[in-house]
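The values are calculated or read from the model by the stated rules, or taken from the named source; none is laboratory data. Please read all numbers here as calculations on a predicted model, not as lab measurements. Every residue, glycine as well, gets a Cβ built from its backbone with ideal geometry; the counts of neighbours run over all protein chains shown.
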Ligand SMILES: NC(=O)c1ccc[n+]([C@@H]2O[C@H](COP(=O)([O-])OP(=O)(O)OC[C@H]3O[C@@H](n4cnc5c(N)ncnc54)[C@H](OP(=O)(O)O)[C@@H]3O)[C@@H](O)[C@H]2O)c1
């Protein structure tokens, strides 16, 4: 089976580029080899490559700059997945795509389930929701994994920022009024590969039987402050830290172009049951990641 991985250099894509390797003939691409904003060149690439499975780990993920580049974010997050699923359907192939907890407004008191009504409060969330809907509308053999607070220890994101700040600043102020489910990129990549492996030679049919949108994130939830505390505690090079205190603060102290939802923990019960996943609590997973 031919697998086309789009977005191989991102946090998730980098891991997928390794976990997918044993499952088929893998070709992995990223910007600028493939520009998702150029919908027709993406269409041509898919037609030329004729994959059995497309895994799309690429997205416009900068939540703040999306506010001033809504059109570009819409092309990459909403229109491109629509073209992918359209082409996948024509080829009798499957699409595995990822979405975000930021489709929710964050006002629910407990974790969100798949049937909760999305109500994005920023451009990024709105464009990702439009991407989900584009994929669902065309349908066929597809999976959308809605995830939350994706991290990797090797690049970008919250973990590497906290570790860097801890080496530069004596006082760290981290918000305690944003709650989410930290998700290790490798765990997400392993879970994706597990799904493909379960389908074996009939993976496209298997995905079609299971087609739909599922929450898939680290178990439980925490605030950014609690997460930062764990990151500092488990830092393997703690002796490099200069930080002396970690203070909980409110999001209003850090005005940013995009508003962030307050509580976006995800309930992953349906994915666990459907795909026989074991999902460890976020802090246990973080221990393994670090
Ligand atoms: N990060 C999170 O906290 C989080 C939370 C919830 C859901 N998600 C979702 O999870 C998925 C993976 O996220 P991630 O954290 O791994 O993202 P990431 O690290 O930001 O990687 C995104 C990848 O997409 C590529 N890309 C951006 N614009 C492109 C374009 N025009 N054409 C082709 N490729 C392009 C990027 O390439 P360049 O680096 O060259 O731009 C990068 O390799 C995404 O669907 C995201 O929406 C992420």
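Here are a few things to note about the model shown:
- With respect to the stated conditions, residue 83 fails to be touching a residue at least 24 places away in the same chain (Cβ under 8 Å), crowded, with 19+ Cβ neighbours inside 10 Å and either more than 20 Å from residue 178 (Cβ to Cβ) or within 11 Å of the ligand (Cβ to nearest atom) (or both).
- Among the conditions (1) closer than 24 Å to residue 244 by Cβ; (2) within 12 Å of the ligand (Cβ to nearest atom); (3) in a strand (DSSP E or B), residue 158 misses just one, which is (3).
- The condition (being over 26 Å from residue 258 (Cα atoms) and either within 19 Å of the chain's Cα centre (by Cα) or surrounded by fewer than 16 Cβ atoms within 10 Å (Cβ to Cβ) (or both)) is satisfied by just one residue among 75, 90: 90.
- Only residues that are within 13 Å of the ligand (Cβ to nearest atom) and either outside any loop (DSSP other than H, G, I, E, B) or farther than 19 Å from residue 220 by Cβ (or both) were counted in segment 132-152, giving 10.
- Counting only residues that are without any contact (Cβ under 8 Å) to a residue 60 or more places away in the chain and surrounded by fewer than 21 Cβ atoms within 10 Å (Cβ to Cβ), segment 43-58 holds 7 of them.
- Where helices (runs of 4 or more DSSP H) sit wholly within segment 31-100, those with at least 2 residues that are under 22 Å from residue 148 (Cα atoms) occupy 70-74, 80-90.
- Tally, over segment 25-39, of residues that are over 16 Å from residue 72 (Cβ atoms) and either near the ligand (Cβ under 7 Å from one of its atoms) or at pLDDT 95 or above (or both): 6
- Selection of segment 40-64 for residues being closer than 21 Å to residue 185 by Cβ and more than 9 Å from the ligand (Cβ to nearest atom) yields 53, 54, 55, 64.
- Which numbered condition residue 68 misses (of (1) more than 9 Å from the ligand (Cβ to nearest atom); (2) over 28 Å from residue 220 (Cα atoms); (3) crowded, with 24+ Cβ neighbours inside 10 Å): (3)
- Of all residues in segment 19-30, those satisfying the criterion of being part of a loop (DSSP other than H, G, I, E, B) and loosely packed, with under 15 Cβ neighbours inside 10 Å are 21, 22.
- Across segment 1-18, the qualifying residues are those that are within 11 Å of the ligand (Cβ to nearest atom) and part of a strand (DSSP E or B), and the one among them that is nearest to residue 76 (Cα to Cα) is 6.
- Where helices (runs of 4 or more DSSP H) sit wholly within segment 182-239, those with at least 2 residues that are without any contact (Cβ under 8 Å) to a residue 60 or more places away in the chain and over 21 Å from residue 58 (Cβ atoms) occupy 203-209, 224-233.
- Screening residue 288 on (1) touching a strand residue (DSSP E or B) at 6+ places or on another chain (Cβ under 9 Å); (2) surrounded by fewer than 14 Cβ atoms within 10 Å (Cβ to Cβ); (3) more than 21 Å from residue 189 (Cβ to Cβ) shows it passes everything except condition (3).
- All conditions but one from (1) more than 14 Å from residue 271 (Cβ to Cβ); (2) more than 16 Å from the chain's Cα centre (by Cα) apply to residue 180; the one that does not is (2).
- Test: residue in segment 253-276 that is modelled with pLDDT under 95, part of a helix (DSSP H, G or I) and farther than 26 Å from residue 9 by Cβ: yes
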